[in-house]
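This report concerns only the one structure given below.
The values are calculated or read from the model by the stated rules, or taken from the named source; none is laboratory data. None of these values were measured; they are calculated from a predicted model. As a convention, Cβ positions derive from the backbone with ideal geometry for all residues, glycine included, and neighbour counts pool all protein chains shown.
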């Protein structure tokens with residue numbers, strides 16, 4: 001696909017372009033929200049003699065509200081839900097596996113899950129071990145973003161085998177989505193492949209050397225350990241970075257402002273040609289973090305949706321509490337011309 005062939009859509013619902021169209025499923029009803037939390041342990045991947053534990057938050061539609069609980073998390077506004085309620089049981093439901101951004105958390109993009117779940121979807125959002133601030137930031141894991149698509153497929157395996165969720169999921173209607181680095185993870189599941197080399201490594205994984213991020217995310221680690229992280233890459237690391245993570249169970253992908261860094265030199269256009277499922281990419285016109293247009297230009301069956309005006313990378317995070325706006329305005333406060341809640345509604349609605 002050439003850049004001139006890309007479909008540009010302004011303020012059209014991204015899920016409408018991707019999930020609703022592919023799955024032919026769009027409930028006109030708005031359901032109350034259920035929320036469940038579970039842990040899945042991947043014993044095949046070990047770090048520091050510990051298996052990889054993945055916390056998963058699952059939003060889903062329920063028939064009746066009961067025991068509604070107020071949810072609060074750090075600086076983000078989160079909708080009230082009924083915890084551990086029984087899912088709708090009248091028919092099987094589409095499933096979306098979601099991956100948060102670098103150093104993020106499932107609650108930081110819960111608006112996306114809340115919208116889809118209220119319209120009849122199950123959304124399983126993974127907290128990626130080793131790359132979720134402030135609970136779990138581990139430098140050696142943070143510099144290996146290809147852990148994420150492995151997490152997503154692993155969680156999908158376990159959800160399908162789960163006695164409750166396995167009975168609730170329509171296996172013909174499974175999609176992947178994510179924000180920023182999580183958007184790249186969802187594209188990995190669609191079939192993109194990286195081409196990481198030793199020469200490209202430090203150009204791609206720049207955040208480990210960024211003074212601000214080092215102090216914010218890794219202040220409890222010694223400078224010597226941080227300085228050594230990239231030099232410790234082995235042949236196996238490059239093999240893992242460049243292998244295919246395509247998951248044939250994924251039928252559609254929605255990537256919100258996908259990117260690992262400001263540039264993405266580990267991805268070449270040749271590595272994007274293997275995608276065979278519909279892909280929707282959404283990005284703000286004023287996003288100076290993710291170079292999403294490159295992916296849209298070279299991924300077959302992709303649609304690029306640009307949100308016009310001063311919509312930034314961070315506009316696609318949740319609305320923040322007043323406290324959150326005071327302590328972290330950079331990612332929580334938009335230009336006065338932008339209403340973050342309305343942007344989320346426009347992205348989510350038909």
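Is it fair to say residue 125 is in contact with a helix residue (DSSP H, G or I) (Cβ under 6 Å, 6 or more places away or on another chain) and in contact (Cβ under 8 Å) with a residue 12 or more places away in the chain?
yes
If I ask for residues that are more than 19 Å from the chain's Cα centre (by Cα) and either buried (at least 16 other Cβ atoms within 10 Å of the Cβ) or over 14 Å from residue 121 (Cβ atoms) (or both), which ones from the stretch 29-48 would you list?
Scanning the stretch 29-48 gives 31, 32, 33, 34, 41, 42, 43, 44, 45, 46, 47, 48.
Give me a count of the residues in the stretch 178-197 that are surrounded by fewer than 24 Cβ atoms within 10 Å (Cβ to Cβ) and farther than 17 Å from residue 238 by Cα.
1
Looking at (1) over 18 Å from residue 104 (Cβ atoms); (2) in contact with a strand residue (DSSP E or B) (Cβ under 6 Å, 6 or more places away or on another chain), can you tell me which one residue 336 breaks?
Only one criterion in (1) over 18 Å from residue 104 (Cβ atoms); (2) in contact with a strand residue (DSSP E or B) (Cβ under 6 Å, 6 or more places away or on another chain) is unmet by residue 336, namely (2).
Given the options 51, 87, 94, 61, name the one that is modelled with pLDDT of 90 or more, farther than 26 Å from residue 254 by Cα and either over 20 Å from the mean Cα position of the chain (by Cα) or crowded, with 16+ Cβ neighbours inside 10 Å (or both).
Only one candidate passes the filter, namely 51.
Give the residues of the stretch 190-237 that are under 24 Å from the mean Cα position of the chain (by Cα), touching a residue at least 60 places away in the same chain (Cβ under 8 Å) and not in a helix (DSSP H, G or I), sorted by residue number.
191, 192, 193, 194, 195, 196, 205, 218
Which of the residues that make up the stretch 272-298 are over 20 Å from residue 244 (Cβ atoms), outside any loop (DSSP other than H, G, I, E, B) and out of contact with any strand residue (DSSP E or B) (no Cβ under 7 Å at 6 or more places or on another chain)?
Of everything in the stretch 272-298, just one residue is over 20 Å from residue 244 (Cβ atoms), outside any loop (DSSP other than H, G, I, E, B) and out of contact with any strand residue (DSSP E or B) (no Cβ under 7 Å at 6 or more places or on another chain), namely 297.
Restricting attention to the stretch 64-79, and to residues there that are in a loop (DSSP other than H, G, I, E, B) and loosely packed, with under 14 Cβ neighbours inside 10 Å, which single residue is nearest to the chain's Cα centre (by Cα)?
Here the answer is 70.
Looking at 136, 103, 99, which one is within 15 Å of the chain's Cα centre (by Cα) and surrounded by fewer than 22 Cβ atoms within 10 Å (Cβ to Cβ)?
The match here is 103.
Do you know which of the residues in the stretch 246-291 that are within 12 Å of residue 180 (Cα to Cα) and out of contact with any helix residue (DSSP H, G or I) (no Cβ under 8 Å at 6 or more places or on another chain) is surrounded by the most Cβ atoms within 10 Å (Cβ to Cβ)?
The residue in question is 291.
So, of the residues in the stretch 332-350 that are modelled with pLDDT under 95 and assigned to a loop (DSSP other than H, G, I, E, B), which turns out to be nearest to residue 318 (Cα to Cα)?
349
Could you please find all residues in the stretch 143-185 being touching a helix residue (DSSP H, G or I) at 6+ places or on another chain (Cβ under 8 Å) and part of a loop (DSSP other than H, G, I, E, B)?
143, 144, 145, 146, 180
Could you list all residues from the stretch 299-319 that are free of Cβ contacts under 8 Å to residues at least 40 places away in the same chain and either under 20 Å from residue 260 (Cβ atoms) or not in a loop (DSSP other than H, G, I, E, B) (or both)?
Correct list: 312, 314, 315.
Could you tell me whether the stretch 135-143 includes any residue that is within 25 Å of residue 252 (Cα to Cα) and at pLDDT 95 or above?
There is no residue in the stretch 135-143 that is within 25 Å of residue 252 (Cα to Cα) and at pLDDT 95 or above.
State whether the residues of the stretch 113-122 include one that is part of a strand (DSSP E or B), within 19 Å of residue 250 (Cβ to Cβ), in contact (Cβ under 8 Å) with a residue 12 or more places away in the chain and in contact with a strand residue (DSSP E or B) (Cβ under 7 Å, 6 or more places away or on another chain).
yes
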